[in-house]
Amino acid sequence: MTALRAPLRFFESQLVAYRRTWRGTVISSFLNPILFLTAMGLGVGSLVDDGAGDLEISYLAFVATGLMAANAMQNGAGEGMWPVRAGIKWRKNFHGAITTPIEPGDIIVGRAMWTLLRLTVVQTVFAVIAVLFGALELGPALLAVPPAALTGVAFMAALTAFTVTRETDESLANMFRFVILPMFLFSGTFFPISQLPGFLELIAYATPLFHGVELVRKIALPDIDPSVVSSMPLWIHLAYLVAMTVLGIYFGSKYLSRKLRP
Amino acid sequence: MNETLVKARGLTKRFDDLLAVDAIDFDIAKGKAFGFLGPNGAGKTSTMKMISTVSPITEGEMSVFGLDPRTQGRQIRQRIGVVPQEDNLDVELTVSENLYVYGRYHDMSRPEIRERTKELLDFAQLSDRADSPVEPLSGGMKRRLTIARALINDPELVILDEPTTGLDPQARHLLWDRLYRLKQRGSTLIITTHYMDEAEQLCDRLVVMDKAKIVAEGSPRGLIEEYAPREVVELRFADGHKEDAESKLEGLASRYEVLADRVILYTDDADDTQRGVASRGLDPEQVLVRRSTLEDVFLRLTGRRLDD
Ligand SMILES: Nc1ncnc2c1ncn2[C@@H]1O[C@H](COP(=O)(O)OP(=O)(O)OP(=O)(O)O)[C@@H](O)[C@H]1O
Ligand SMILES: [Mg+2]
């Protein structure tokens, strides 16, 4: 527990700052799932379900679980980029913290804790809205929260390491444009990746979001039609995301230390 | 009795090819105020950062509280307070939240922080701004808050990198008083400054750094006695006459310095020098006679003015 004390202190500083900025983020937490579930579920979903009735579960349930992972990815990626850039360059609170007993690694672990908390809340909101939309039953919806939150934390960790090594804001915007967004569209959120042409399917297998999506689906919807998910065992998805988190934190801490202590 | 708190031997900092601190030695005694003077780029901030363990030592040895900055940074930082050259207050927090968060970083309890915050806001004369955001504070207020924040953990050693830059004279004198009181209570201070009066007022001992090296060390009085003759005659010339005068200065005083705006003559007998000025037909617009100060020592040692 003592090893976590310093990260907890930094985590706490995030809470203090959040007391003033939470309003803005709350609106998007509600709006995101409502907009996506309305568009995808009620619109596209009714077409899909009418045509292909062989899914054991509704398309709405399929896409809601995918969206929870994808939404967590976006939030997690955001947490790994802008607040990190700010801590180093604009707000400079990282520079302040390291003159106290806080180490660069504590900053990153503390931020991972904060991201975990935030994503748990955001994904719970998502889950409840999915229930209200009739996309998921309450049990599966809540089961989807932890794996979705883990997906977000993995992205936060990896993108923290990325952000620390980048000098320009342009590279962060590009990251969103050319990596996060394509992943959002082609990693199994909206349709099984087996529908992708061969080589794209292989690429999709390698993406972290695919493993997040699969983990959420396999945990929340154990009775899902095996043809719409991969045959990989659950632990591979879990191991992938845990490894991504650990490596992100490890390299993030190392690079941040170099950055803050030239 | 004279316990050494910080001890450096061959302390070196290199940034790629640039040698910022070149094998310097110093000992900082407990309970004293120790100053680092030097022109821009001399390596003062680099040295402060190595002492506060936020910049790795390239070469050499240093101990702080007998601890090793390379491996025991956390323990060292627990016991020090740092006022960096550039304020890095958290602009997303209020004045008191800045103190609160720092207290928590130092693992202090909430009641402890609450009590300390009251004292420190009073100390920094910011009590009425406790709940104000940081952004709209004036430069001087931000500086005072940065200093208050550095004291939250009641540090044994306070490192102040140009603490009073940007403060008005009142605020500076107030701060000197506070630093003096801090020292009285047993804290050790390390100060860098470009204000020679500040160094003279506050520091028990100081070093002058130039081009990454320490070029002199002593007490303010001792340095003045060692490096500057007793008296100074300053001459100001009308436009264009300075160059003409320069050729006639040799032998007038034990040493002279030609600055952008005036000529400074160092002498043991100002009257004698003034007579010399007149007899050589120099025709200064203005003559000022004064005692030597630390500034003269600085000019002599570093060969340029602080503000150039
Ligand atoms: N992070 C860094 N990377 C590269 N060079 C650096 C870095 N920090 C400082 N330097 C260089 O090291 C030298 C010493 O700088 P330092 O900040 O220690 O000087 P200083 O004595 O504090 O000057 P000032 O009075 O202007 O604050 C300078 O040449 C500076 O450019
Ligand atoms: Mg400096």
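The values are calculated or read from the model by the stated rules, or taken from the named source; none is laboratory data. Since the structure is predicted, the reported quantities are computational estimates derived from the model, not experimental observations. Virtual Cβ from ideal backbone geometry, glycine too; neighbours counted across all protein chains shown. These area figures cover heavy atoms from the full protein model, side chains too; ligands, DNA and RNA do not enter into them. Shrake-Rupley method; radii C 1.70, N 1.55, O 1.52, S 1.80 Å.
Taking segment A:221-262 as the search range and keeping residues that are at pLDDT below 95 and open to solvent by less than 30 Å² (accessible area, probe 1.4 Å), which one is nearest to residue A:147 (Cα to Cα)?
Residue satisfying both the conditions and the ranking: A:221.
Give the residues of segment B:83-92 that are within 14 Å of ligand 1 (Cβ to nearest atom) and closer than 13 Å to residue A:98 by Cβ, sorted by residue number.
Residue satisfying the conditions is B:84 alone.
Taking residue B:71 and the conditions (1) more than 26 Å from residue B:302 (Cα to Cα); (2) among the polar types (S, T, N, Q); (3) more than 14 Å from chain A (Cβ to nearest Cβ), which numbered condition does it fall short on, given that it satisfies the others?
Answer for residue B:71: the failing condition is (3).
Of the residues that make up segment B:55-66, is at least one within 30 Å of residue B:140 (Cα to Cα), within 16 Å of ligand 2 (Cβ to nearest atom), not basic (Lys, Arg) and not in a strand (DSSP E or B)?
Yes.
So how many residues does segment A:9-32 have that are more than 9 Å from chain B (Cβ to nearest Cβ) and either in contact with a strand residue (DSSP E or B) (Cβ under 8 Å, 6 or more places away or on another chain) or not polar (S, T, N, Q) (or both)?
Total satisfying the criteria: 10.
Going by the conditions given, is residue B:233 crowded, with 19+ Cβ neighbours inside 10 Å, part of a helix (DSSP H, G or I) and not assigned by TED's automatic domain parsing to the domain that holds residue B:23?
Criteria not met by residue B:233.
For segment B:108-130, state whether one or more residues are on the phi > 0 side of the Ramachandran plot, within 25 Å of the chain's Cα centre (by Cα), more than 16 Å from ligand 1 (Cβ to nearest atom) and surrounded by fewer than 18 Cβ atoms within 10 Å (Cβ to Cβ).
Checked against the condition, which is being on the phi > 0 side of the Ramachandran plot, within 25 Å of the chain's Cα centre (by Cα), more than 16 Å from ligand 1 (Cβ to nearest atom) and surrounded by fewer than 18 Cβ atoms within 10 Å (Cβ to Cβ), segment B:108-130 yields at least one hit.
Please indicate, with yes or no, whether at least one residue in segment B:150-169 is loosely packed, with under 15 Cβ neighbours inside 10 Å, within 16 Å of ligand 2 (Cβ to nearest atom), at positive phi and part of a loop (DSSP other than H, G, I, E, B).
Yes; the residues of segment B:150-169 include at least one that is loosely packed, with under 15 Cβ neighbours inside 10 Å, within 16 Å of ligand 2 (Cβ to nearest atom), at positive phi and part of a loop (DSSP other than H, G, I, E, B).
One line per residue, one yes/no per condition, for (1) open to solvent by 10 Å² or more (accessible area, probe 1.4 Å); (2) among the hydroxyl-bearing types (Ser, Thr, Tyr); (3) away from chain B (no Cβ under 14 Å); (4) not in a loop (DSSP other than H, G, I, E, B):
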site: A:61; (1), (2), (3), (4): no, no, yes, yes
site: A:64; (1), (2), (3), (4): no, no, yes, yes
site: A:67; (1), (2), (3), (4): no, no, yes, yes
site: A:94; (1), (2), (3), (4): no, no, no, yes
site: A:99; (1), (2), (3), (4): yes, yes, no, no
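Suppose we filter B:202, B:175 for residues that are more than 16 Å from ligand 1 (Cβ to nearest atom), in the same structural domain as residue B:13 (by TED's automatic domain parsing), modelled with pLDDT under 90 and crowded, with 22+ Cβ neighbours inside 10 Å; which single one remains?
On the way: B:202 fails: modelled with pLDDT under 90.
Going through B:202, B:175 in turn, just one is more than 16 Å from ligand 1 (Cβ to nearest atom), in the same structural domain as residue B:13 (by TED's automatic domain parsing), modelled with pLDDT under 90 and crowded, with 22+ Cβ neighbours inside 10 Å: B:175.
For segment B:14-30, what are the residues that are within 16 Å of ligand 2 (Cβ to nearest atom) and without any contact (Cβ under 8 Å) to a residue 60 or more places away in the chain?
Across segment B:14-30, the qualifying residues are B:15, B:18.
Would you say residue B:69 is open to solvent by 50 Å² or more (accessible area, probe 1.4 Å) and more than 16 Å from ligand 2 (Cβ to nearest atom)?
The answer is no for residue B:69.
Which condition from (1) modelled with pLDDT of 95 or more; (2) at positive phi is the one that residue A:134 breaks?
(1)
For every residue, the table says whether it meets (1) part of a strand (DSSP E or B); (2) within 14 Å of another protein chain (Cβ to nearest Cβ).
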residue	(1), (2)
B:10	yes, no
B:14	yes, yes
B:25	yes, no
B:34	yes, no
B:48	no, yes
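Given the residues B:42, B:33, which is the only one that is touching a residue at least 24 places away in the same chain (Cβ under 8 Å), open to solvent by less than 10 Å² (accessible area, probe 1.4 Å) and within 11 Å of ligand 1 (Cβ to nearest atom)?
On the way: B:33 fails: within 11 Å of ligand 1 (Cβ to nearest atom).
Of B:42, B:33, the one residue that is touching a residue at least 24 places away in the same chain (Cβ under 8 Å), open to solvent by less than 10 Å² (accessible area, probe 1.4 Å) and within 11 Å of ligand 1 (Cβ to nearest atom) is B:42.
With (1) at pLDDT below 95; (2) more than 20 Å from residue B:205 (Cα to Cα) as the list, and residue B:84 as the residue in question, which single condition is left unmet?
(1)
So which residues in segment B:58-84 are free of Cβ contacts under 8 Å to residues at least 40 places away in the same chain and among the hydroxyl-bearing types (Ser, Thr, Tyr)?
B:71
Residue-wise test of (1) acidic (Asp, Glu); (2) at the interface with chain A (Cβ under 10 Å from one of its Cβ atoms); (3) without any contact (Cβ under 8 Å) to a residue 60 or more places away in the chain; (4) not in a helix (DSSP H, G or I).
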site: B:86; (1), (2), (3), (4): yes, yes, yes, yes
site: B:90; (1), (2), (3), (4): yes, yes, yes, yes
site: B:111; (1), (2), (3), (4): no, no, yes, no
site: B:120; (1), (2), (3), (4): no, no, yes, no
site: B:147; (1), (2), (3), (4): no, no, no, no
